[in-house]
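Before any comments, here is the structure.
The values are calculated or read from the model by the stated rules, or taken from the named source; none is laboratory data. Keep in mind that what you see is a predicted model, and the values were worked out from it rather than measured. Please note: Cβ atoms are built from the backbone with ideal geometry, for glycine as well, and neighbour counts cover all protein chains shown. Each accessible area value is taken on the protein alone, full model and side chains, heavy atoms only, with ligands, DNA and RNA left out. Shrake-Rupley method; radii C 1.70, N 1.55, O 1.52, S 1.80 Å.
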Amino acid sequence: MTTAVVATYKDAGTIRNVKDDLISTGIPNDAIKIDKEHIKIRVMVPDQAKAEILEILNRHAPAEIH
C-alpha cells in the first residue's frame, strides 16, 4: 500500500534540499510534490519505506509532519 507523507518547512531552500535527499535515496521524482506557496512537500511512499522517509524529512527540521 502507498501512503502520503506531508512535511511543512520554514523556507523554500529547505524544500529543495529535502527533494534532493529523497531523490538520492531512490524516491522517484514523480512521487514528490512541492507546494511552494505553503512551503510543503508531499511524498507518496510504500508503507514499508515510510520510516526511512520520515527520517529524511526530520533531518531538515520540519515545522510539521503529517
Helical contribution to [θ] at 222 nm, DSSP H n ≥ 4, -39,500 (n - 2.57), averaged over the chain, rounded to 500: -10500 deg cm²/dmol
Cα-centre dipole for the chain with unit charges at Cβ (Lys and Arg positive, Asp and Glu negative), debye to 20: 140 debye
The chain - percent of accessible surface contributed by carbon and sulfur, probe 1.4 Å: 50 percent
Cα Rg, Dmax (largest Cα-Cα span) when computed across segment 1-62, Å: 10.5, 31
Per residue solvent-accessible surface (Å²) - the chain, probe of 1.4 Å: 62 Å²
Sequence-distant lysines (8 or more away, or on other chains) whose Cα lies within less than 20 Å of LYS50: LYS19, LYS33, LYS40
Qualifying trypsin sites (Lys or Arg not before Pro) for the chain [loop in DSSP, other Cβ within 10 Å: at most 15]: LYS10, LYS36
